[in-house]
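Note sheet for the following structure.
Nothing in this text is a laboratory measurement; each read-out follows from the coordinates by a stated rule. This is a predicted model, so every value here is computed, not measured. Here Cβ is always computed from backbone atoms with ideal geometry, including for glycine, and neighbour counts include all displayed protein chains.
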Amino acid sequence: MFWLQPLISSFIGWVTTWVAIKMLFHPRKPVRILGLTIQGVFPKRQQQVAEKLGSMVAQELIHFSEIATQLKDPEMLKGLNPTIEKHLDNFLQVKLKEKLPVISMFVGADTMQKIKDGMMEEIELLLPEIIHQYTDSLSKKIDIEKMVTEKVSNFSSDKLEEILNAVMKKEFWFLEIVAAVLGLLIGLVQMGLALI
């Protein structure tokens, strides 16, 4: 039995760490045991975690001004030209003729092309201003911190556990192994001291 001491210490180290990791998420609802209220760390502190995460995301990770800058980028806007041209072609060659059939009798293909070119020039001038106004308006309406805080605080405890386990599964496993090894070492030291 004496020689089992290191293995028992290792097992105790592993079990206590496993229990500690489980207690990050469980019990989900407060439970009273011997006058103490016990609840998993994340379920108990979910609102505070959500607020901290919302604040961190808004201040450190996502700035609306950066998103707005990307949306206003001239190269990004030029990428919209093929879609705009396709819609203009459809409008001028199909829809306009359906709505005003007389136009097709008096307006030739060259004139339609000139109309399209003129409209494209106007759209290219107008688009950056529209995007600028839209992003300015959006920045006043969108509160990234509030959005993240609400999303995280509304996560179910199962979902939160699933996310954290997906991200930290290896780290949790590593902690359990380290605890078992430390328990084994402590058991060996205790056994060595007992033999002295």
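Side notes on the structure shown:
- Filter result (more than 19 Å from Thr111 (Cβ to Cβ), assigned to a helix (DSSP H, G or I) and of a type outside the set (Lys, Arg)) within the range 77-86: Leu77, Asn81, Pro82, Thr83, Ile84
- Any chance Leu77 is of a type in the set (A, V, I, L, M) and free of Cβ contacts under 8 Å to residues at least 24 places away in the same chain: no
- Just one of the listed residues (Lys78, Lys116) is of a type outside the set (Phe, Trp, Tyr), in contact with a helix residue (DSSP H, G or I) (Cβ under 6 Å, 6 or more places away or on another chain) and more than 30 Å from Glu176 (Cβ to Cβ), and it is Lys116.
- Failed item, numbered, when Asn90 is tested on (1) over 30 Å from Ile130 (Cβ atoms); (2) surrounded by fewer than 15 Cβ atoms within 10 Å (Cβ to Cβ): (1)
- Where helices (runs of 4 or more DSSP H) sit wholly within the range 91-161, those with at least 1 residues that are over 34 Å from the mean Cα position of the chain (by Cα) and among the charged types (D, E, K, R) occupy 96-99, 109-141.
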